[in-house]
Amino acid sequence: MVARLTPDQKVACSIHVGRPLPSSLHRSNGRAFSNPPTDTHRPPITLKLHISPNTFDLFPFLVPASSIRVQLTPIRSIIPSSISVPAGQPPSPVKLRRRQCRRSPGSARSRWTSSAAAAAATAASSPRRRRRRSSPRTRAPPLSAKEKTRAALSLLKTEKNPERIIDICRAASLTPQSHLDRVAFSVAISKLTESSHFDEIRRFLEESKGRPDLRNECFMCRAIVLYGQAGMMSEAIDTFKNVEELGIRRTVKSLNALLFASIIAKDFKETKRIFMEFPRIYSVAPDLETFNTVIKAFSESESTSSAYSALAEMDRKGVKPNATTFGTMLAGFYKEEKYEDVGKVLELMQKYGVARGVSIYNIRIQSLCKLKKSDEAKVLLDGMLARGMKPNSETYAHLIHGFCSEERYDEAKKMFKSMVNHGCRPTSDCYFTFIHYLCKGGEFDTALQICKESMEKGWVPNFGTMKSLVNGLVSIDKVDEARELIKQVKERFSRNTDLWDEVEAGLPQ
């Protein structure tokens, strides 16, 4: 029997794949009891928790019941008082021995002797039967840190309770050294920020600073950035100032993290103040990343011309700009549609000996596509091919998105075909974006073809895009294709099964 808990019911336990729940924990209507309820009509049971789709061996943890199936498995069966044996079939030695043990009142040895004799007699009159050995119980190996983080991420995406969000992060023991852990940190802070739980953010990050494994500058930089993500710049600045009080040596990494935090918080005035004052006050010499971060702030605040002064300061400090420096300036000037400055930046690149590589072309192509100048962007692509440069999948993805945003779907299809012909593999984002716009433009046949290709690679668009495709297929009298698509999605993902059941029920019969 399989029971599914309601969304409000949670289970706190140490989860191990396929292992029974500890006997000390019994549940009735979502409540835990130290003593199991007695039931004279049912044998004792053991609970096995199966977490789907991310089964994990974590920690004492609050797990959303929407992802839990509780399997109730009897751990012993009731032995009947009388054993009936079919005609012509002798009783098994085990059953005969049990019967003899119950009926013989003699000593233990006499009971054993009589049952052994009966077993020998049975063996002589019946075919030889191999004795079954109970296989030893195999324990699933504990999950890796990456698998634990993935499980935590799947929970964070649907969790809304601030306390449980923090519990998930605590239990996962996230560290900033792992990219996946940094993503989990960011998702958690975003969820708390959306619901304006700033006190919980402060409490969690300040509490994390006390973890022995996080008493380093790497985590302090992460905490500064997370405070910036939440728009809590005063806390970010305090963290920067108090780094050395925690016994951690402050370096330029902390300064760069603080500048980046101010950009995330869209507090560009604070960015300028930090850049002008903090290196002198805290004796931290800015490096290339410092200047690139400040130039990024100028670009995003539509004051890219100020980047020229940053370049002059770099010359005075002996810091040489790189492709990122000029790429950020190009993106800013394109955004402000200052094409003369675009030309100046290209000349500066030649002056400083920085090559115009594929990354620079991608920035220019993307910027033109955002301005709905995809034809000009395609001219740049043609120029790359004429110079013998090899575009990458990002190059084509920008052009596909650009033509789709201009509702020029035929050109987008040509770009997609050209991408494949030039040996570039579309990314999942490219597939999802293309399918979304094809559905938006009523190109459902092509969207279905691209969607099948994407699903063959294990990439399935989100529910909204897939529902739009299903409805589009129905609108062009391709109900069977729509049903088959729903079936494939349900087989791969159980998360939105209920929603897909509703969509499927609404399809024409």
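The values are calculated or read from the model by the stated rules, or taken from the named source; none is laboratory data. Every value quoted in this text rests on a predicted model; they were computed, and no experiment measured them. Positions of Cβ are generated from backbone atoms using ideal geometry, with glycine treated the same way; all protein chains shown enter the neighbour counts.
Listed values, structure above:
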item: Test: residue in segment 337-344 that is farther than 27 Å from Leu255 by Cα, over 33 Å from the mean Cα position of the chain (by Cα) and not in a helix (DSSP H, G or I); result: yes
item: Restricting segment 382-404 to residues that are surrounded by fewer than 21 Cβ atoms within 10 Å (Cβ to Cβ) and assigned to a helix (DSSP H, G or I), the residue that is farthest from the chain's Cα centre (by Cα); result: Ala386
item: Yes/no for Glu340 being among the acidic types (Asp, Glu), at pLDDT 95 or above, in contact with a helix residue (DSSP H, G or I) (Cβ under 7 Å, 6 or more places away or on another chain) and under 30 Å from Pro391 (Cβ atoms); result: no
item: Pair list, Cβ < 7 Å and 6+ apart or interchain, from segment 443-460 residues that are within 13 Å of Leu485 (Cα to Cα) to residues that are of a type in the set (A, V, I, L, M, F, W, C) and assigned to a loop (DSSP other than H, G, I, E, B); result: Phe444/Ile476; Val460/Phe493
item: Near pairs, Cβ below 8 angstrom, 6+ apart or cross-chain, from segment 476-494 (in contact (Cβ under 8 Å) with a residue 24 or more places away in the chain and farther than 14 Å from Ala447 by Cβ) to any residue that is among the acidic types (Asp, Glu) and in a helix (DSSP H, G or I); result: Arg483/Glu504
item: Segments classed as helices (runs of 4 or more DSSP H), wholly inside segment 247-302, with at least 1 members that are farther than 20 Å from Leu330 by Cα; result: 252-264, 268-281
item: Residues located in segment 139-177, provided they are in a loop (DSSP other than H, G, I, E, B) and at pLDDT below 85; result: Arg139, Ala140, Pro141, Pro142, Leu143, Ser144
item: One residue from Lys478, Lys467, Lys414 being surrounded by 14 or more Cβ atoms within 10 Å (Cβ to Cβ), assigned by TED's automatic domain parsing to the domain that holds Ser374 and among the basic types (Lys, Arg); result: Lys414
item: Some residue of segment 224-234 being assigned to a loop (DSSP other than H, G, I, E, B), touching a residue at least 12 places away in the same chain (Cβ under 8 Å) and buried (at least 21 other Cβ atoms within 10 Å of the Cβ); result: yes
item: Selected residue [closer than 26 Å to Ser405 by Cα and among the aromatic types (Phe, Trp, Tyr)] from Phe434, Phe493; result: Phe434
item: Meets criteria (among the aliphatic types (A, V, I, L, M) and loosely packed, with under 12 Cβ neighbours inside 10 Å) for Ala331; result: no
item: Boolean, Met349 is of a type outside the set (Phe, Trp, Tyr), assigned to a helix (DSSP H, G or I), modelled with pLDDT of 95 or more and over 28 Å from His422 (Cβ atoms); result: no
item: Qualifying positions in segment 146-167 - closer than 20 Å to Tyr227 by Cα and touching a strand residue (DSSP E or B) at 6+ places or on another chain (Cβ under 7 Å); result: Arg164, Asp167
item: Test: residue in segment 155-177 that is crowded, with 21+ Cβ neighbours inside 10 Å and closer than 28 Å to Pro286 by Cβ; result: no
